[in-house]
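What follows is a single structure, written as structure tokens, with notes after it.
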Amino acid sequence: MSMSRRVLIKAVATGGALLGLGALLPRLAMAAWAREAFESNEQGAALNALYGGETPEISAQVILDAPDIAENGAVVPVSVSTDMAHVESISIFIESNPAPLAAQFVIPEGTAADVSTRVRMGKTTNVTAVVKADGKLYSATKEVKVTIGGCGG
Amino acid sequence: MSIMRVKAKARGATTEVKMMAKHIMETGQRKDKSGNIIPAQFLAELEVRHAGKVVFAANLGPAVSKNPYFSFSFAGGASGDTLEVSWKENTGTSGTETAEIR
């Protein structure tokens with residue numbers, strides 16, 4: 001054992017610091033369920049909680065496909081796609097819902113930036129898709145009129 | 001108990017996946033007949049892997065419709081390959097299921 005006690009301590013301290021740094025790096029590849037964002041009752045706050053304060057830029061490259069009128073708010077088909085490169089995630093917000101953030105999709109490399117799902121809408125409101133590409137946020141918004149709300153019992 | 005129904009089809013260099021989870025997606029906003037709130041129970045996390053690599057992941061809130069449906073496609077995958085679908089509820093209940101690419 002040639003390593004002196006001092007060197008060993010230093011090595012352990014550096015390793016510990018590196019571990020600490022790792023823990024501080026925000027949501028790498030696999031984003032965990034963002035509780036604060038999903039539980040926020042206001043769209044701006046939900047956006048902030050998910051993306052840390054950056055405001056998305058409205059972009060025609062974000063294609064948000066949702067019906068003009070949804071007869072049944074319990075099942076509203078929503079598709080989001082973009083031809084942007086390096087897409088990291090796509091999220092869907094429904095402004096007047098009790099919790100606006102409906103879903104966040106992680107798009108790994110090799111997966112097309114084109115996802116579809118079905119969401120609940122309590123009433124007529126704006127649906128916003130936010131795409132994170134190359135570290136920047138882009139959005140598209142569309143109003144969907146709801147005839148019968150989908151959040152009641 | 002399996003809850004995922006997965007239709008994955010290899011088409012040229014990509015695999016198209018359509019999947020539906022059999023799940024109530026209880027929002028936590030509804031009340032039962034005696035006026036008590038029915039506790040939230042929804043799928044919160046989904047992850048699809050092909051050959052060990054994550055090809056799709058989703059974090060969901062209760063605003064996703066009952067029996068959630070998703071479609072996506074990824075580069076790679078061949079007929080006969082296995083997809084591994086993992087899910088986790090807000091309650092902590094989780095599961096992993098497999099589906100074959102056709």
**Asked** Just a yes or no: is a residue in the range A:119-137 facing chain B (nearest Cβ under 9 Å) and closer than 15 Å to A:L64 by Cα?
**Response** yes
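Any residue that is of a type in the set (F, W, Y) and in a loop (DSSP other than H, G, I, E, B) - is there at least one of those in the range B:31-47? Working first, answer last.
Narrowing the range B:31-47 to residues of a type in the set (F, W, Y): B:42.
Subset that is in a loop (DSSP other than H, G, I, E, B): B:42.
Checking the range B:31-47: at least one residue is of a type in the set (F, W, Y) and in a loop (DSSP other than H, G, I, E, B).
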Subset of the range A:71-97, residues assigned to a strand (DSSP E or B) and farther than 26 Å from A:G135 by Cβ, comes to A:E71, A:N72, A:V76, A:P77
Given (1) away from chain A (no Cβ under 12 Å); (2) free of Cβ contacts under 8 Å to residues at least 24 places away in the same chain, B:N59 misses just (1)
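Let's see how each residue does on (1) farther than 17 Å from A:V78 by Cβ; (2) polar (S, T, N, Q); (3) open to solvent by less than 10 Å² (accessible area, probe 1.4 Å):
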{"residue": "B:E45", "(1), (2), (3)": "yes, no, no"}
{"residue": "B:H50", "(1), (2), (3)": "yes, no, no"}
{"residue": "B:L60", "(1), (2), (3)": "no, no, yes"}
{"residue": "B:K66", "(1), (2), (3)": "no, no, no"}
{"residue": "B:Y69", "(1), (2), (3)": "no, no, no"}
Picking from A:G122, A:G150, the residue that is open to solvent by less than 20 Å² (accessible area, probe 1.4 Å), over 17 Å from B:N59 (Cα atoms) and at pLDDT below 95 would be A:G150
In the range A:47-64, anything in contact (Cβ under 8 Å) with a residue 24 or more places away in the chain and open to solvent by 50 Å² or more (accessible area, probe 1.4 Å) is listed as A:G52, A:E54, A:T55, A:E57, A:I58, A:A60, A:Q61, A:I63
Within the range A:98-153, the count of residues that are outside any strand (DSSP E or B) and in contact (Cβ under 8 Å) with a residue 40 or more places away in the chain comes to 13
Note on the range B:17-27: residues more than 9 Å from every other protein chain (Cβ to nearest Cβ) and open to solvent by less than 90 Å² (accessible area, probe 1.4 Å) are B:V17, B:M19, B:M20, B:A21, B:H23, B:I24, B:E26
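Before we move on, is B:L46 in contact with a helix residue (DSSP H, G or I) (Cβ under 9 Å, 6 or more places away or on another chain) and either among the basic types (K, R) or modelled with pLDDT of 95 or more (or both)?
Details: in contact with a helix residue (DSSP H, G or I) (Cβ under 9 Å, 6 or more places away or on another chain): no; either among the basic types (K, R) or modelled with pLDDT of 95 or more (or both): yes.
Judged against the criteria, B:L46 is not a match.
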Does the range B:66-76 include one or more residues that are over 14 Å from B:V17 (Cα atoms), assigned to a loop (DSSP other than H, G, I, E, B) and in contact with a helix residue (DSSP H, G or I) (Cβ under 8 Å, 6 or more places away or on another chain)? no
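The values are calculated or read from the model by the stated rules, or taken from the named source; none is laboratory data. Remember, predicted model here, so these are calculated numbers, not experimental data. Note that each Cβ is placed from the backbone with ideal geometry, even for glycine, and that neighbours are counted across all protein chains shown. These accessible areas exclude ligands, DNA and RNA; they are computed on the full protein's heavy atoms, side chains included. Shrake-Rupley method; radii C 1.70, N 1.55, O 1.52, S 1.80 Å.
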